[in-house]
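Peer 1: After the structure tokens below, expect a handful of questions from me.
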Amino acid sequence: MAKPQLHNSYHFLLLLLICSCSVHLSKQLQQSQYETLMKIQELLDYPPVLNSFYNSSDLCNIEPTPSLTLVCYEDNLTQLHIVGDRGVHPLPQSFSSGSFFDTLGGLSSLKVLSLVSLRLWGAIPGSIGQLSSLEILNLSSNYFNGPIPVQLSYLKNLQTLILDNNNCSGKVPGWISSLRTLSVLSLKNNSLSGVLPSSLKELETLRVLSLSRNNLSGEVPDLHNLRFLQLLNLADNHFGPDFPNLHNKLITLVLRNNRFQFGLPGELSTYHQLQKLDISLNGFVGPFLPSILSLPSMVYLDIHGNKLTGMLFQNMSCNPELGYVDLSLNLLVGDLPSCLEVGNMNRLVLYSNNCLSNVEQMQHPSNFCHNEALAVKVLPHKENNKKPTAKSVISLSMVGAALGGIAVVGVVLLFVRKVYNKDSMKIPATCRLIMDNVSNVNTLKLLSDAKCISQTMKMGATLPVYRTFTLEELKEATDNFDVSSLIRESSHGQVYRGKLTDGTVVAIKSMKMRKRHSPQMYTRHIEMISKLRHRHLVSALGHCFENCMDDSSVTKIYLIFEFLPNRTLRSYISGQKLTWIQRIMAAIGVVKGVKFLHTGIVPGIFSNHLKITDVILDQDLHVKISTYNLPLLAENKGMGYSEVPYYGMKARPLARTQQDEKSDVYDIGVILLEIILGRPITSQNEVVFARDLLQVSITIDESARKGIVDPSVMNDCSEESLKTMMELCVRCLGNEPRNRPSVEDVLWNLQFAAQVQNVKNNQELV
């Protein structure tokens, strides 16, 4: 499924550059260049995409296809485009990238070279500098590693450089500024690190700069002079803390999932050509700029997961073309603007976890946003008014940071000591020994862990603060662990239902741990558990350690979780209780939970082996994942979801490879199958059969698709929404992990399916 036009500006520009090349087909290619192409075919091990070489003596007149295009001018080859399939035709072990590019050097007249998804590997050799006529170079979706070679600086005519989806490492080189005609620089999804060179500001012809999904960090250099820049994508790095200085002619600006802080610059209100703005999952504070909603070109706005404040009013204006808005997980108060109400406009709007009034999506009480805003208030505006010099800014920042750090640490230490001393009076001797050695250190670690605090505030703000419980509290909550409170018991431990003194119902997991490891090892696991707090996860609320009186070699660990009734997504779907749009929104909740497991904490949690019976819905149809992969202790392996929520984590080794990320995408695909078909999928054979059924129906017509969807929603779902869901499901269930979509792409497509479904629902109401 194609994404909206604003997401295609990158590809449109590339096509425009390619088409601008002068083309004149010849009757015959030079013999030396013909032999070079034959050698390239041999080095690539005769891939099927080059089979047409066998059927033509005049390669210049081969009919172009999406996989192969050759363009000649007079008797020289000027463009070579080869697009393979990374997983179908692996290269032989004898392949050498050096030999391959040495051979390409024979095509000295090339202006455009595109070698995509050919499984090319090794370092990009310096011999690429021989192709001095190159204007466009695209080596994306291969396995190139190592630094970007300096010999690329020899290509003085280069206008487009694309190295996406490789394993390139090292820094973005400073010599990149020597490519004075560069219009497109795309290096996304590599392993680049370090800070960006300040020389980027010298690329005055740059139109596209895409560096997402790397390990880049530090301040973004001043790019205000790049007045032709239309697309800037820095997502999924570690940039920050200041908002970058940019020209206001941008069309797409993506800063998602970085470390930006402080306030938004007022100049954003002058970005009249801006169509897409995504600053989500950062640490922005201070006032939100409502004028962004009415920017004349704005169609996509995502600010969720920050600490932006301010009051919204019903009479605020929005751009009529605004199609997607996510304001959730901020500190906004007031009323949702009427122009964003779903019933009035054909758009998808998310705004939960603010303090708005008279709205449907979940909100905090108004005092929550006021208190949180006070807690994160900063002073950059006062400093800006004084306009200090650069040296004074650095000096004041260092002094202020030191004094502020000392003050915060002092307050925290006093608070912790006070609370700890108070609690220690209540703790029985059986629990006190381990808590003396572990819990106090653990609490200090959690309070000083900025990542944990940030994510907790952003994603789990509706939960009580994670804390250490006393054994007396747990006994009181469970009537001294009475059998009437027991939910489940196994050889590994018990799960109890408890009710705290404030009325909160919790699930208490009791586990016996042999003292094979130090208390500090247990603490590391507890620290990770404490960070897993998200609105779409059954989250931990606290823990308690206890020494067993009858066996000094055994320690008990109590983990306290949210309590949810056992109403799984499968039971809702099989019972025909969910509408089509409710099913999509449930899937969105699942994917957001998985996305948090992958990116919301460090290290991420992958290979979660998610099942539809692991997805719990509360009475408001709010989705939470009850079981996910966190190794606590080897003694507790194999304890997973049963007839009731497990309220814990599956014990499997942590894994962080791309393949493990895509295994979670496959599990999401199986859940989508049940959502679409409306019946349980219980075996791998059923998955394969159902996937093939969907694949066939996609290629036929609407009646075929409506014939296999759950009859209870057959007349409810729109054609475009159903087809989007089916296409997404089939992609998630692809046999080759690397061909499955990313979690981010899955979320985008689900939101699109919800958007087009809402359009249909609104039309039916009119």
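The values are calculated or read from the model by the stated rules, or taken from the named source; none is laboratory data. This one's a predicted model, so the numbers in the text were calculated from it and none came from an experiment. Neighbour counts run over all protein chains shown; Cβ positions are idealised from the backbone, glycine included.
Peer 1: For region 252-272, which residues satisfy the criterion of being over 15 Å from V285 (Cα atoms), surrounded by fewer than 15 Cβ atoms within 10 Å (Cβ to Cβ) and of a type outside the set (S, T, Y)?
Peer 2: The answer is E267, H272.
Peer 1: Sticking with this one: Can you confirm whether region 259-274 contains a residue that is touching a helix residue (DSSP H, G or I) at 6+ places or on another chain (Cβ under 8 Å) and free of Cβ contacts under 8 Å to residues at least 24 places away in the same chain?
Peer 2: Looking for residues that are touching a helix residue (DSSP H, G or I) at 6+ places or on another chain (Cβ under 8 Å) and free of Cβ contacts under 8 Å to residues at least 24 places away in the same chain, one finds none in region 259-274, hence no.
Peer 1: Turning to a different aspect of this structure: Are any residues in region 307-337 of a type in the set (A, V, I, L, M), more than 18 Å from L264 (Cα to Cα) and crowded, with 19+ Cβ neighbours inside 10 Å, and if so, which ones?
Peer 2: Hits for region 307-337 are L322, L336.
Peer 1: Among the strands (runs of 3 or more DSSP E) lying completely within region 569-635, list those that include at least 3 residues that are at pLDDT 90 or above and not aromatic (F, W, Y).
Peer 2: 623-625
Peer 1: Right, next: Within region 241-298, which residues are in a strand (DSSP E or B) and closer than 21 Å to S328 by Cα?
Peer 2: Scanning region 241-298 gives T252, L253, V254, K276, L277, D278, V285, G286, P287.
Peer 1: What's the number of the only condition in (1) in a loop (DSSP other than H, G, I, E, B); (2) at pLDDT 80 or above that D550 fails to meet?
Peer 2: (2)
Peer 1: Taking only region 692-709 into account, find how many residues are acidic (D, E), in a loop (DSSP other than H, G, I, E, B) and within 30 Å of the chain's Cα centre (by Cα).
Peer 2: Selection size over region 692-709: 0.
Peer 1: For region 683-707, enumerate the residues that are in contact with a Leu (Cβ under 6 Å, 6 or more places away or on another chain) and among the hydrophobic types (A, V, I, L, M, F, W, C).
Peer 2: Within region 683-707, A690 is the sole residue that qualifies.
Peer 1: Now for a different question. Residue by residue through region 312-363, note down the ones that are of a type in the set (S, T, Y) and in a loop (DSSP other than H, G, I, E, B).
Peer 2: If the condition is that a residue be of a type in the set (S, T, Y) and in a loop (DSSP other than H, G, I, E, B), then S317, S328, Y351, S352 are the ones that fit.
Peer 1: Among the residues of region 474-488 satisfying the criterion of being over 20 Å from T523 (Cβ atoms) and in contact (Cβ under 8 Å) with a residue 24 or more places away in the chain, which is surrounded by the fewest Cβ atoms within 10 Å (Cβ to Cβ)?
Peer 2: Residue satisfying both the conditions and the ranking: E476.
Peer 1: Any idea how many residues of region 602-614 are within 20 Å of the chain's Cα centre (by Cα) and surrounded by 20 or more Cβ atoms within 10 Å (Cβ to Cβ)?
Peer 2: Residues in region 602-614 being within 20 Å of the chain's Cα centre (by Cα) and surrounded by 20 or more Cβ atoms within 10 Å (Cβ to Cβ): 5 in total.
Okay, residues lined up against (1) free of Cβ contacts under 8 Å to residues at least 40 places away in the same chain; (2) surrounded by 21 or more Cβ atoms within 10 Å (Cβ to Cβ):
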{"position": "T103", "(1), (2)": "no, no"}
{"position": "K111", "(1), (2)": "no, yes"}
{"position": "V116", "(1), (2)": "yes, no"}
{"position": "L120", "(1), (2)": "yes, yes"}
{"position": "G129", "(1), (2)": "yes, no"}
{"position": "L134", "(1), (2)": "yes, yes"}
{"position": "L139", "(1), (2)": "yes, yes"}
{"position": "G146", "(1), (2)": "yes, no"}
{"position": "S153", "(1), (2)": "yes, no"}
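Peer 1: Could you go through region 54-72 and let me know if any residue there is among the hydroxyl-bearing types (S, T, Y), without any contact (Cβ under 8 Å) to a residue 40 or more places away in the chain, touching a Phe, Trp or Tyr at 6+ places or on another chain (Cβ under 8 Å) and assigned to a helix (DSSP H, G or I).
Peer 2: No, every residue in region 54-72 fails to be among the hydroxyl-bearing types (S, T, Y), without any contact (Cβ under 8 Å) to a residue 40 or more places away in the chain, touching a Phe, Trp or Tyr at 6+ places or on another chain (Cβ under 8 Å) and assigned to a helix (DSSP H, G or I).
Peer 1: Next question, about the same structure. Scan region 489-505 residue by residue and report those that are of a type outside the set (V, I, T), surrounded by fewer than 19 Cβ atoms within 10 Å (Cβ to Cβ) and in contact (Cβ under 8 Å) with a residue 24 or more places away in the chain.
Peer 2: Selection gives S490, H492, R497, L500.
Peer 1: Do you know which of the residues in region 351-363 that are surrounded by fewer than 18 Cβ atoms within 10 Å (Cβ to Cβ) and touching an Asp or Glu at 6+ places or on another chain (Cβ under 9 Å) is nearest to K592 (Cα to Cα)?
Peer 2: The extreme case among them is M362.
Peer 1: Might you check whether a residue that is out of contact with any Gly (no Cβ under 7 Å at 6 or more places or on another chain), closer than 26 Å to R207 by Cβ, in contact (Cβ under 8 Å) with a residue 12 or more places away in the chain and among the hydrophobic types (A, V, I, L, M, F, W, C) occurs anywhere in region 302-315?
Peer 2: Yes, that holds for at least one residue.
Peer 1: Return the pairs, sorted by first residue and then second, in which the second residue is modelled with pLDDT under 90 and part of a helix (DSSP H, G or I), the first residue lies in region 740-765 and is over 17 Å from N257 (Cβ atoms), the beta carbons are less than 8 Å apart, and the residues are 6+ apart or on different chains.
Peer 2: Close Cβ pairs (under 8 Å, with a partner that is modelled with pLDDT under 90 and part of a helix (DSSP H, G or I)) amount to R740/K662.
Peer 1: Would you list the strands (runs of 3 or more DSSP E) that sit entirely within region 122-202 and hold 3 or more residues that are on the phi < 0 side of the Ramachandran plot and more than 23 Å from the chain's Cα centre (by Cα)?
Peer 2: 136-138
Peer 1: A further question follows. Within region 16-53, can you find the residues that are β-branched (V, I, T) and modelled with pLDDT of 60 or more?
Peer 2: If the condition is that a residue be β-branched (V, I, T) and modelled with pLDDT of 60 or more, then T36, I40, V49 are the ones that fit.
Peer 1: Right, next: In region 299-311, how many residues are at positive phi and either at pLDDT below 90 or outside any loop (DSSP other than H, G, I, E, B) (or both)?
Peer 2: 1
Peer 1: Picking from I62, I82, which residue would you name as being among the hydrophobic types (A, V, I, L, M, F, W, C), closer than 18 Å to F144 by Cα and in contact with a strand residue (DSSP E or B) (Cβ under 8 Å, 6 or more places away or on another chain)?
Peer 2: Among I62, I82, only I82 is among the hydrophobic types (A, V, I, L, M, F, W, C), closer than 18 Å to F144 by Cα and in contact with a strand residue (DSSP E or B) (Cβ under 8 Å, 6 or more places away or on another chain).
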